[in-house]
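For reference, the structure discussed in these notes is given below.
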Amino acid sequence: MFKQCRAMAIVLLSLSFAHGAFAAQENEATPVYVDTKTGLKFPRRLGPLDFVNTLEYPEKNLGYCVRYASPQDHGQLCVYDQGNANLQTGIDSDDFRQEFDGVVGATLGVLATHPYHDGKVMLDGTPSISADEKTAEAKMKIFTSKLALLDGSDQNNMHLVFMTIGLKKFVKLNYSAKNMSPADFTQRSRDILEAFIRFNGATMEAFLVDRKSKVE
């Protein structure tokens with residue numbers, strides 16, 4: 001299992017967008033939701049998942065989440081700023097670290113609460129996308145858990161938290177699947193991320209930072 005999960009992380013860490021990452025033609029399908037402040041758009045189908053609904057929180061600092069699902073898995077893309085209008089692009093700020101740690105802690109809390117049990121972090125990493133002399137980075141953690149069913153058996157679950165900052169917003173993907181092999185979970189996670197990036201085309205350039213400045 002560990003070897004399979006390690007291979008899964010390697011695949012996710014090597015998202016194949018280098019050299020012309022955002023040059024792919026945008027999908028012309030009408031989006032189901034458009035964020036007029038950032039320009040981010042959300043397709044009716046996100047990789048293997050179908051659109052379910054959009055939740056806009058009454059607390060403006062919590063932003064919104066666009067939800068997708070299939071019979072075996074579900075995910076949501078959330079965009080918010082926690083009331084901070086000056087978020088720094090990328091993953092190097094204290095704001096990002098504090099928010100990401102909070103999300104991870106909340107996830108582990110849920111996975112330790114009945115009917116979930118045995119929730120744990122299996123892997124983490126820093127996926128990146130490169131274009132010219134710039135790069136966009138995110139942080140991810142992969143979790144496993146068990147869900148106690150009414151018949152007394154356990155359902156095996158896998159979860160992904162994938163997060164970055166761009167356009168002065170936290171952008172977070174929560175993705176979960178039941179009874180899925182690590183290989184299938186990897187591929188579906190990757191398909192979801194690539195579908196969102198390609199659907200948004202050049203808008204994603206706002207997530208890039210100069211690699212030279214990161215070295216300095």
> Here are some residues: THR164, THR144, THR107. Which one is over 30 Å from LYS41 (Cβ atoms), modelled with pLDDT of 95 or more, open to solvent by less than 40 Å² (accessible area, probe 1.4 Å) and among the hydroxyl-bearing types (Ser, Thr, Tyr)?
Replying inline: THR144
> If a residue has to be within 19 Å of LEU40 (Cβ to Cβ) and aliphatic (A, V, I, L, M) to count, how many in segment 167-181 make the cut?
Replying inline: 3
>> Step by step: first the residues of segment 120-139, then only those that are touching a residue at least 24 places away in the same chain (Cβ under 8 Å) and aliphatic (A, V, I, L, M), then the one that is nearest to LEU173 (Cα to Cα). Which residue is that?
In response: ALA138
>> Among the residues in segment 167-181, are any part of a helix (DSSP H, G or I) and either farther than 22 Å from ASP101 by Cβ or open to solvent by 40 Å² or more (accessible area, probe 1.4 Å) (or both)?
In response: no
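Results for (1) out of contact with any Ser or Thr (no Cβ under 7 Å at 6 or more places or on another chain); (2) within 27 Å of SER181 (Cβ to Cβ); (3) among the β-branched types (Val, Ile, Thr); (4) at pLDDT 95 or above, shown as yes or no for each residue.
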position	(1), (2), (3), (4)
GLU28	yes, no, no, no
PRO31	yes, no, no, yes
GLY39	no, no, no, yes
ARG45	yes, yes, no, yes
ASN53	yes, no, no, yes
ASN61	yes, no, no, yes
VAL66	no, yes, yes, yes
SER70	yes, yes, no, yes
GLN76	yes, yes, no, yes
> Restricted to segment 46-60, and to residues that are assigned to a loop (DSSP other than H, G, I, E, B) and surrounded by 17 or more Cβ atoms within 10 Å (Cβ to Cβ), which residue is farthest from the chain's Cα centre (by Cα)?
Replying inline: PRO48
>> Any residue that is modelled with pLDDT of 95 or more, farther than 27 Å from VAL32 by Cβ and more than 17 Å from the chain's Cα centre (by Cα) - is there at least one of those in segment 169-185?
In response: yes
>> open to solvent by less than 40 Å² (accessible area, probe 1.4 Å), in contact (Cβ under 8 Å) with a residue 24 or more places away in the chain, closer than 28 Å to ASN84 by Cα and not in a loop (DSSP other than H, G, I, E, B): which single residue out of PHE199, PHE185 fits that description?
In response: PHE199
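The values are calculated or read from the model by the stated rules, or taken from the named source; none is laboratory data. The structure displayed is predicted, hence computed values, not measured ones. As a convention, Cβ positions derive from the backbone with ideal geometry for all residues, glycine included, and neighbour counts pool all protein chains shown. Quick note on the areas: whole protein, heavy atoms, side chains included, nothing else; ligands and nucleic acids left out. Shrake-Rupley method; radii C 1.70, N 1.55, O 1.52, S 1.80 Å.
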